[in-house]
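So the structure is just underneath, and the comments pick up after that.
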Amino acid sequence: NLDGGGSTTMVVRNKVMNRPSDTGGERTVANSLLLISTAPTGPLNHLRISPKKIYLPAGNSYHYTVTGFDQYYNSVSVNSDSLTWTCDSTLGSIDSTGKFQSDTVKTMGYIYVNCGEIRDTAQVFLTGLAEITLKPNPIILKIGEQQTITAEAKDNYGNIVQIPASNYTWEVTGNVGTINSTGVFTATTMGEGVISATFEEVTGTTPVSVGAAATVMVDDFTTVANWSITGTKVNLAQCKITVSDSIKISEPSSGRLDYSLATGGTTNLNLNCTIPISGTPDAISIQIYGDGKGHWLRGEFIDKQGEKFLMDLTPATPGIDWTDCWQKLEIPFSAAIPSWANPTAVLDYPVTWKRIYLAETDDAKKDVGTLYFDDFSVHFIETKTVPESKNGVAGKFRLEGNYPNPFNNQTNFRICADRSGDLKVTFYDLSGKEVDRIDQFIETSG
């Protein structure tokens, strides 16, 4: 059963041919079966048009390509001057380079390519356009970042219609950036807007937010009271999490994990917690002081619906491969994958962080070691703007809402003032008790 099932993966000429059960695609494995063809290269025996089947908007063009193979399917170069391209007369026309120009009538037919007696065919459907979908959706960027937008067009039957990116009319509303003729958006101004792509009379849109970065500390490991240790195939009595004031990124301390892994199966050493993370962060980061043992570091959180998601803080290989130094790991939430329990789950914010864990399958690497953790943070994109008057100065005194909201240990407020002077801000808790106060002199308006 070479095409596989379950976690087996079949790869032919560097392409995954089957559909592995793992959500992330091909699984990292220790064993494989490699089949190598030793057949000699022979003369041209097969032609293959690409693509073999296509849906095109009626009245548009497409450039076909062709690949040659010998009788053993070794690649063979093809002289383009030796090729003859033709198509069904009801479809339109095709020139000597493989550029097809379709008729305006919706129909179906075939493209043909010949090299002497060797021939291949491709099927063409000339259709109409029903919808355009843009991805990513939504788009959240910092000023200066770029994002390539992909447009997917479909007809009334849900078939994907091939339209080059340069054939769309791209526009940005909201004065937040620019977009070129191939759909590459550049964020230039803080705010919110909409990107659109139009072909003929059909338009697709995606919202875009451009802002400044805002980082919120989840845990600075001043204490490790939030964390507990469990695990499988570990020497639990020899594992502990403590604070360290000697090796740290920021004051006053870091978290120190001493571990001992046991042989005889897959090891999971869990640092368990329950830390709510409010809002819709786009990435999470943590500082790790490595011991070079190469173990896989992962994380797990649950979303609003209670669905579990996994996140690779390091790759499975090489794992934590740095020694006696800090390394900042930053992973976007878009990289999280649903757990095995519900592989089709869709992330619904807010989330609650549940654990960070070491995983190891190789008994030869089961050992003892020490890791340090610090500055466990989440990253947001702030998109709120401050109203300004025509001369660039705030039109009136204004206290903007805090961001993020809700929040954990810290949040940000934006204040705009139409004149200089003393500023006093008082903070109260829900019971009306004063909890903090800021006294500051504002030298310039804004």
Exercise. Hey, any hits in the range 190-205 for a residue that's of a type in the set (D, E, K, R), closer than 27 Å to ASN60 by Cβ and at pLDDT below 95?
Worked result: yes
Problem set entry | Scope the range 51-85; condition farther than 13 Å from CYS115 by Cβ and assigned to a strand (DSSP E or B); matching residues | LYS53, ILE54, TYR55, LEU56, PRO57, SER61, TYR62, HIS63, THR65, SER75
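Taking only the range 112-140 into account, find how many residues are of a type in the set (Val, Ile, Thr) and either surrounded by fewer than 14 Cβ atoms within 10 Å (Cβ to Cβ) or out of contact with any Gly (no Cβ under 7 Å at 6 or more places or on another chain) (or both).
The number of residues fulfilling the criteria is 6.
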Exercise. If you check ALA364 against the conditions, is it free of Cβ contacts under 8 Å to residues at least 12 places away in the same chain and at negative phi?
Worked result: yes
For this session: Check the range 237-250 and report whether any residue there is modelled with pLDDT under 90 and β-branched (Val, Ile, Thr).
Result: no
Problem set entry | Hits in the range 10-33 - residues which are at pLDDT 70 or above, part of a loop (DSSP other than H, G, I, E, B) and either touching a Lys or Arg at 6+ places or on another chain (Cβ under 8 Å) or within 27 Å of THR314 (Cβ to Cβ) (or both) | ASN14, ASN31, SER32
Exercise. Which residues, counting only those in the range 225-260, are among the charged types (D, E, K, R), over 20 Å from VAL368 (Cα atoms) and either in contact with a Gly (Cβ under 7 Å, 6 or more places away or on another chain) or without any contact (Cβ under 8 Å) to a residue 12 or more places away in the chain (or both)?
Worked result: ASP245, GLU251
Exercise. Among the residues of the range 307-333 satisfying the criterion of being touching a residue at least 24 places away in the same chain (Cβ under 8 Å), surrounded by 15 or more Cβ atoms within 10 Å (Cβ to Cβ) and outside any loop (DSSP other than H, G, I, E, B), which is nearest to the chain's Cα centre (by Cα)?
Worked result: PHE333
For this session: Select from the range 89-100 the residues that are in contact (Cβ under 8 Å) with a residue 24 or more places away in the chain and part of a loop (DSSP other than H, G, I, E, B) and write down the one among them that is surrounded by the most Cβ atoms within 10 Å (Cβ to Cβ).
Result: LEU91
Problem set entry | LYS304 being crowded, with 17+ Cβ neighbours inside 10 Å and either outside the structural domain of ILE249 (by TED's automatic domain parsing) or assigned to a loop (DSSP other than H, G, I, E, B) (or both) | no
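Select from the range 132-175 the residues that are of a type in the set (Asp, Glu) and in a loop (DSSP other than H, G, I, E, B) and write down the one among them that is nearest to the chain's Cα centre (by Cα).
GLU145
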Exercise. Quick check: anything in the range 101-111 over 21 Å from ASN167 (Cβ atoms), surrounded by 15 or more Cβ atoms within 10 Å (Cβ to Cβ), hydroxyl-bearing (Ser, Thr, Tyr) and modelled with pLDDT of 95 or more?
Worked result: no
Exercise. Could you give every pair whose Cβ atoms fall below 9 Å, whose first residue belongs to the range 55-82 and is within 29 Å of MET108 (Cα to Cα), and whose second residue is crowded, with 17+ Cβ neighbours inside 10 Å and basic (Lys, Arg), counting only separations of at least 6 or pairs across chains?
Worked result: TYR55/LYS154
For this session: State whether the residues of the range 121-143 include one that is without any contact (Cβ under 8 Å) to a residue 24 or more places away in the chain and not aromatic (Phe, Trp, Tyr).
Result: no
For this session: Please work out which residue is modelled with the highest pLDDT, limiting yourself to the range 354-401 and to residues that are within 24 Å of VAL208 (Cβ to Cβ) and in a loop (DSSP other than H, G, I, E, B).
Result: THR383
Exercise. How many residues, within the range 178-190, are surrounded by fewer than 18 Cβ atoms within 10 Å (Cβ to Cβ) and either in contact with a helix residue (DSSP H, G or I) (Cβ under 8 Å, 6 or more places away or on another chain) or touching a residue at least 60 places away in the same chain (Cβ under 8 Å) (or both)?
Worked result: 2
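The values are calculated or read from the model by the stated rules, or taken from the named source; none is laboratory data. No experiment lies behind these values; they were computed from the predicted model shown. Positions of Cβ are backbone-derived with ideal geometry, glycine not excepted, and every protein chain shown enters the neighbour counts.
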